[in-house]
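The values are calculated or read from the model by the stated rules, or taken from the named source; none is laboratory data. This one's a predicted model, so the numbers in the text were calculated from it and none came from an experiment. Cβ placement follows ideal geometry from the backbone for every residue including glycine, while neighbour counts extend to all protein chains displayed. Ligands, DNA and RNA are stripped out before the accessible areas are found, and what is left, the full protein with its side chains, is counted by its heavy atoms. Shrake-Rupley method; radii C 1.70, N 1.55, O 1.52, S 1.80 Å.
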Amino acid sequence: MDLGIAGKWALVGGASKGLGWGCARALALEGVNVVMVARGAEVLQASVDKLKAETGGKVKVLAVATDITTVAGRDAIWNVAGGPGKDYDIVVTNAGGPPPGDFREWDREAWIKAVDANMLTPIELIKATVDGMAARGFGRIVNITSSAVKAPIDVLGLSNGARSGLTGFVAGVARSKIAASGVTINNMLPGKFDTDRIRSTLPAMAEKAGKTVDEMRALQQAQIPVGRYGTPEEFGAICAFLCSQQAGYITGQNILPDGGSYPGTY
Ligand code: NAP
């Protein structure tokens, strides 16, 4: 299926690895020009080179090695040479998730950091780009949040809290006047995907459960109805569809790719 978005510009946060990489790749393979952001310049450049090779120079792939959660980082994105300024057609908000832990150990600074990265940064990115999208009559914003928004995970309290704030904000703005201007805003709530992020959360969960990391991984996969972690490619394909022309009637939704893990009917 042709998603009808070739030639558009996408900004993808946290794009050097994992789920952001999956989204950047899927969009570029649809002919979308992509600005990829991550802090580590070397890994990011390797991912950009990989994508340029895979797309055979048919799309522009630009790298901005910066911390997207800072004002200076976002300024660097808006000013990247050869980029569209703030005139993006597609924005995928994403950065690293907060660390796991015990809520008794999180001070104000830990909370501010989590809220800044996982709530205020997506809001700033939306604020900077959404009116331009509406004026041009097309826009797609996808926020990568977490299944923890629907089914909280105790050791990920910083994530549960900060992302729920973003979810509430998005629910309102997606249904505001911009909805009639061809702009959709949706959240993707990953369950368990095979990325560095999940590998980094496994040790704390294993320790809490009194298991080895390998035992914890096997236990987690056995608890997922499809019997495995998801892949960044599967995630990216859903993201690209949400950014498609065809998905223009889907907005304000929380899409839950989790291999069937969420136990509720709705
Ligand atoms: P990942 O594999 O660790 O990749 C994270 C990406 O974000 C990397 O490219 C990283 O590069 C970049 N990044 C992190 N902090 C950044 C910052 N401040 N500014 C710019 N780039 C930044 O993680 P993932 O699994 O793809 O997870 C993506 C998001 O989904 C996270 O918020 C995570 O909590 C959430 N999530 C993931 C899962 C899962 O199963 N994987 C489940 C639920 C929720 P640098 O480190 O070089 O900046």
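Worth a mention:
- Compared with the direct C-alpha span, the chain from Ser176 to Gln245 gains 22.9 nm at full extension, assuming 0.36 nm per residue.
- Of all lysines in the structure, those lying under 19 Å Cα to Cα from Lys177, and not within fewer than 8 positions of it along the same chain, are Lys127.
- Heavy atoms of the protein chains alone define the surface here; on that basis the chain has 46 Å² accessible area per residue at 1.4 Å probe size.
- Charged neighbours of Pro225, selected by a Cβ distance under 12 Å, balance to +1 (K, R count +1; D, E count -1).
- Largest accessible area first, the listed residues Met36, Met119, Met216 line up as Met119, Met216, Met36 when surface is computed with a 1.4 Å probe on the assembled protein chains.
- Using the Cβ-Cβ distance between Ile153 and Glu109 with R0 set to 30 Å, the FRET efficiency from 1/(1 + (r/R0)^6) comes to roughly 0.85.
- The chain: Cys lacking any partner C-beta under 4.7 angstrom: Cys243
- Taking the accessible area of the chain, probe 1.4 Å, and keeping the other protein chains in place, the carbon and sulfur fraction comes to 54%.
- Nearest-0.05 FRET efficiency for Lys52 and Thr231, computed from C-beta distance (R0 22 Å): 0.50
- Net charge, Ala209 excluded, C-beta distance under 13 Å - Lys, Arg +1, Asp, Glu -1: -1
- Given a 1.4 Å probe and the protein chains as shown, Arg163 ends up with an accessible area of around 20 Å².
- Potential lengthening between Glu124 and Asp2 on full extension [0.36 nm per residue; Cα-Cα distance subtracted]: 40.8 nm
- Rounded if a/c under 1.5, otherwise prolate or oblate - region 68-110, Cα gyration tensor axes: prolate
- For the set Lys8, Lys113, solvent exposure ranked by accessible area (probe 1.4 Å, protein chains only) runs largest to smallest as Lys113, Lys8.
- Cβ-defined net charge surrounding Asn94, 15 Å radius [Lys, Arg +1; Asp, Glu -1]: +3
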